[in-house]
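Some notes on the structure that comes next.
The values are calculated or read from the model by the stated rules, or taken from the named source; none is laboratory data. Because the structure is predicted, anything quoted here is derived from the model rather than measured. Cβ coordinates were reconstructed from backbone atoms using ideal geometry, including for glycine residues, and neighbour counts include every protein chain displayed. Note: accessible area is taken over every heavy atom of the protein model, side chains too, but ligands, DNA and RNA are not part of it. Shrake-Rupley method; radii C 1.70, N 1.55, O 1.52, S 1.80 Å.
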Amino acid sequence: MSRLPLSIVVLAAGKGTRMRNGRPKVLHPLAGWPLIRHVLATARALDLDRLVVVLAPGMDEVAAEVRGFAPEARIAIQDAPLGTGHAVAAARGELPTAGTVLVLYGDTPLLTQGTLARLLAEREKTDAAVAVLAFRPPDPTGYGRLRFSGDELVELVEERHADPALKAEGLCNSGVMAFDATRLPHLLDALPLRPEKNEVYLTDAVAVAVARGWNCRAVEGPWVEGLGVNSQRQLAELERLWQERRRAELLDGGVVMPAPETVFFAADCVVEPAAILEPYVVLGPGVRIAAGAVVHPFSHLEGAVVEAGAVVGPFARLRPGSVLEAGARVGNFVETKATRLGKGAKANHLSYLGDATIGAGANIGAGTITCNYDGFAKHRTEIGAGAFVGSNTALVAPVRVGEGAIVGAGSTVTEDVPDDALAIARGRQETKPGRAGELRSRLLRSAEERRRS
Ligand code: UD1
Ligand code: MG
């Protein structure tokens with residue numbers, strides 16, 4: 001771990017035109033998080049003294065994301081999109097002139113703390129002016145390359161300027177660069193403007209440093225970590241790699257997943273060891289699955305907490321604010337939202353439970369619906385411990401079914417049901433002995449008359 005003061009600059013002012021949808025690139029989601037949040041999270045995991053994010057004017061949505069996730073970060077504005085070198089220069093006023101300045105790109109989300117720590121250690125050990133994180137992606141198209149003289153890194157060459165021999169070597173620039181903070185201002189001052197693109201490249205800092213006789217280094221990291229997002233296709237590829245990495249971590253941690261390639265996670269999901277995730281499960285942001293819980297196939301969870309021994313699905317949908325206490329069960333074609341099921345409570349078939357509290361051991365019959373919305377506001381439904389709600393019941397909220405109460409199947413419950421009461425709220429059945437035969441003969445006669453006419 002770095003001992004010198006550490007400042008991190010995250011560049012995110014680029015327009016991301018290659019994404020082709022007008023959205024700031026760094027807000028595109030990866031594992032349910034905006035790209036930049038992954039980079040900020042990794043930055044914060046290091047022992048850092050200052051975090052600066054470089055944005056373009058008008059990037060209010062990105063600024064809001066940065067302030068929400070990393071309120072300590074300072075925001076510097078790059079007034080025109082004149083390249084990565086120009087972007088770092090825009091952060092100059094925020095940077096101390098001692099220690100290390102680590103530059104990260106907001107579009108490179110798979111970096112890990114360990115790899116960055118290795119790069120920082122190498123820069124300090126060798127007292128390099130610049131240390132670059134290199135990687136060997138299976139497809140190097142679009143990345144800058146590294147030119148060495150012996151062990152010395154002497155130049156970063158953008159792909160369009162690289163000769164075939166250099167390209168063939170396959171070692172690429174991840175964009176992650178660690179600078180000696182004392183020498184960085186001199187390098188920034190000397191970066192040339194590249195007239196063909198009207199940009200100042202940060203990558204030129206290596207050649208500038210070498211020209212001054214300053215030592216530069218490269219550290220090779222795992223290839224996955226260097227990948228950047230410049231297109232929708234690359235974003236999808238990084239999503240695949242992110243998911244693969246997360247599945248491997250969870251399996252290593254003891255989560256049971258017989259078909260891991262069909263299970264998807266958001267960046268902040270917590271799954272405890274010995275939880276069972278069966279095939280085709282999607283866990284969105286804010287999900288927590290405790291040890292010993294089971295999620296059966298084709299279930300979709302977001303913002304849900306599933307406690308020990310609870311069982312979900314198959315085909316269940318848990319929306320934000322759903323909590324299944326220990327041993328609770330939510331079965332097929334059941335949707336829950338802002339609903340807590342107490343210990344051992346069950347809703348096994350075909351229900352919508354929204355804005356509800358369901359007491360321990362309560363049983364919610366098939367087809368039960370909480371009518372929580374009256375077109376203007378949401379209202380709560382409370383069901384007491386041990387209550388039994390018969391099938392196809394509509395609970396018109398706000399309403400309370402007491403502890404131990406029973407609601408007859410097919411009821412439309414509009415009034416509170418006291419503890420231990422029996423409520424039946426449906427049309428009374430009329431039964432007429434023998435009338436089935438009579439009705440059948442009458443229907444048969446009229447059918448014959450129609451045929452004859
Ligand atoms: C850059 C590197 C390339 C490297 C690759 C790794 C340069 C000149 N090239 O190319 O060597 O292999 O990253 O992914 O640096 N940005 C600004 N202001 C600007 C321009 C860019 O803040 O004026 C930010 C972008 O928002 C982005 C990052 O810098 O987060 C990188 O910019 P991008 O245009 O994606 O550079 P690449 O072409 O990928
Ligand atoms: Mg890029």
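Quick notes
- First in region 37-49 and part of a helix (DSSP H, G or I), second anywhere and open to solvent by 60 Å² or more (accessible area, probe 1.4 Å) and not aliphatic (A, V, I, L, M), Cβ under 8 Å, 6 or more apart: Thr42/Gln113; Ala45/Gln113
- Boolean, Gly85 is in contact with a Lys or Arg (Cβ under 8 Å, 6 or more places away or on another chain) and buried (at least 19 other Cβ atoms within 10 Å of the Cβ): no
- Residues of region 370-398 satisfying the condition of being of a type in the set (A, V, I, L, M), surrounded by fewer than 21 Cβ atoms within 10 Å (Cβ to Cβ) and within 18 Å of Gly342 (Cα to Cα): Ala385
- Residue tally, condition open to solvent by less than 50 Å² (accessible area, probe 1.4 Å) and within 16 Å of ligand 2 (Cβ to nearest atom), over region 117-139: 5
- Looking across region 272-285, just one residue is open to solvent by 40 Å² or more (accessible area, probe 1.4 Å) and of a type in the set (Gly, Ala, Ser), and that is Ala274.
- Within region 1-43, if we keep just the residues that are of a type in the set (Val, Ile, Thr) and within 16 Å of ligand 2 (Cβ to nearest atom), the residue that is farthest from Pro57 (Cα to Cα) turns out to be Val39.
- The set of residues in region 166-214 that are small (Gly, Ala, Ser) and either within 14 Å of ligand 1 (Cβ to nearest atom) or surrounded by fewer than 23 Cβ atoms within 10 Å (Cβ to Cβ) (or both) comprises Ala168, Gly170, Ser174, Gly175, Ala181, Ala190, Ala205, Ala207, Ala211, Gly213.
- When Glu152 is tested against (1) farther than 22 Å from Ala41 by Cα; (2) at pLDDT 95 or above, only condition (2) is not met.
- Residue within region 140-147 that is away from ligand 2 (no atom under 16 Å from the Cβ), under 32 Å from the mean Cα position of the chain (by Cα) and either assigned to a loop (DSSP other than H, G, I, E, B) or on the phi > 0 side of the Ramachandran plot (or both) present: no
- Subset of region 60-98 [within 16 Å of ligand 2 (Cβ to nearest atom) and hydrophobic (A, V, I, L, M, F, W, C)]: Val62, Leu82, Ala87, Val88
- Of all residues in region 222-271, those being within 16 Å of ligand 2 (Cβ to nearest atom), open to solvent by 50 Å² or more (accessible area, probe 1.4 Å) and over 13 Å from Leu35 (Cα atoms) number 3.
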